[in-house]
1. Pick from the stretch 21-44 the residues that are crowded, with 24+ Cβ neighbours inside 10 Å and over 22 Å from residue 241 (Cα atoms): which of them is farthest from the chain's Cα centre (by Cα)?
2. In contact with a strand residue (DSSP E or B) (Cβ under 8 Å, 6 or more places away or on another chain) and not in a helix (DSSP H, G or I): is that true of residue 80 in this structure?
3. Is it true that residue 184 is in a helix (DSSP H, G or I), touching a helix residue (DSSP H, G or I) at 6+ places or on another chain (Cβ under 7 Å) and modelled with pLDDT under 95?
4. Out of 180, 185, 159, report the one residue that is surrounded by fewer than 19 Cβ atoms within 10 Å (Cβ to Cβ), in contact with a strand residue (DSSP E or B) (Cβ under 6 Å, 6 or more places away or on another chain) and without any contact (Cβ under 8 Å) to a residue 60 or more places away in the chain.
5. Tell me, yes or no, whether the stretch 43-57 has at least one residue that is in a helix (DSSP H, G or I) and over 30 Å from residue 201 (Cα atoms).
6. Suppose we filter the stretch 281-307 for residues that are surrounded by fewer than 18 Cβ atoms within 10 Å (Cβ to Cβ), in a loop (DSSP other than H, G, I, E, B) and on the phi < 0 side of the Ramachandran plot; how many remain?
7. Could you list all residues from the stretch 314-358 that are in a strand (DSSP E or B), within 17 Å of residue 293 (Cα to Cα) and within 18 Å of the chain's Cα centre (by Cα)?
8. Just to verify a result, which residue in the stretch 222-259, among those that are part of a strand (DSSP E or B) and more than 28 Å from the chain's Cα centre (by Cα), is nearest to residue 338 (Cα to Cα)?
């Protein structure tokens, strides 16, 4: 977990940059980003002068303590009346009260100016803390810090992507008459876990026939029988870092018109990728993809943004969409995933991960965009 210390240092630097005395992080992604802990709960409290704390429910105390950075104190919180179940946790590591009360208690004298990531804070906790503390919303600062990846983060994302690509290959090899969407999604999940992934980055999308026109389709018992379109959208999580990958293909004989649609979407994708570079605003690649589809009369079927950042969340800054003014920077990892969705007929999406480099971009995905 030592590599996560660099992330922790970036977050602690925000305390000085934003003139804070402390920083409160809630939400699994934020805590994993700072510590590497898998499936954390509770909160992480960082301060300039009062130490760093992870607040965990009683049940998670020992699990979190095993994974936590060595210089971080672990405290277990529980509500009054639960004393009989506190077990053998040291009294010095126990705080009586709910999560919000526990945060206030560990802040101590460092509660003068407190930063909170509102993107993740439950409304009830945020409201309670606001009533007790001088709270500053630092969600945009944290989002930007997380959007720029270090080399070790890039390596983890690439390794996660290699696992996803292998799962995709296995899925394609097992497309046969009589197989269902659910069977293929289960195979993808099993393959990723066998390869060392924590699991799926998101619920895997496996869509046959007209289900491909549903961007967020949930796999069903529908089986392959006649030749037709297949869409596979998947990603793995490795040590907290996600990958994202989509391929669309025609299963069986025929399908020339559909294959032409795939080629058109790939052309739109490449047009967008070609202009990705530091300083480019995030709406610009999105526009390039839409212009290609517009020439084919298909732009009205492209009903989502071009892509998004990927890291400890599957969707994070920057967002590649028409209204986004965010400037791309070296170290950002983004998806480029144009699509067309014709209700009741079919849909096509092709998605790759792209790294913004010092002078341009590098496509991280290796598997062919056109699946024969």
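1. By that ranking, first place goes to 22.
2. Spelling it out, residue 80 is indeed in contact with a strand residue (DSSP E or B) (Cβ under 8 Å, 6 or more places away or on another chain) and not in a helix (DSSP H, G or I).
3. On the way: in a helix (DSSP H, G or I): yes; touching a helix residue (DSSP H, G or I) at 6+ places or on another chain (Cβ under 7 Å): yes; modelled with pLDDT under 95: no.
So residue 184 fails the test.
4. Numbers: 185 fails: surrounded by fewer than 19 Cβ atoms within 10 Å (Cβ to Cβ); 159 fails: without any contact (Cβ under 8 Å) to a residue 60 or more places away in the chain.
Criteria check complete, one pass: 180.
5. Initially, the stretch 43-57 is screened for residues in a helix (DSSP H, G or I), giving none.
Checked against the condition, which is being in a helix (DSSP H, G or I) and over 30 Å from residue 201 (Cα atoms), the stretch 43-57 yields no hits at all.
6. Of the residues in that region, 3 qualify.
7. Quick first cut of the stretch 314-358, residues in a strand (DSSP E or B) only: 316-320, 327, 333-336, 339-342, 346-349, 351-356.
Then keep just the ones that are within 17 Å of residue 293 (Cα to Cα); that gives 320, 336, 339-342, 346-349, 351.
Those that are in a strand (DSSP E or B), within 17 Å of residue 293 (Cα to Cα) and within 18 Å of the chain's Cα centre (by Cα): 320, 336, 351.
8. Here is the first cut: in the stretch 222-259, the residues part of a strand (DSSP E or B) are 223, 228-234, 236-238, 241-242, 245-251.
From what's left, more than 28 Å from the chain's Cα centre (by Cα): 223, 228, 250-251.
On the way: 223: 26, 228: 20, 250: 18, 251: 21 Å.
Step by step, filter the stretch 222-259, then rank; the result is 250.
The values are calculated or read from the model by the stated rules, or taken from the named source; none is laboratory data. Fair warning: this is a prediction, and the values are worked out from it, not measured in the lab. For neighbour counting, all protein chains shown are included, and Cβ atoms are generated from backbone atoms with ideal geometry for every residue, glycine included.
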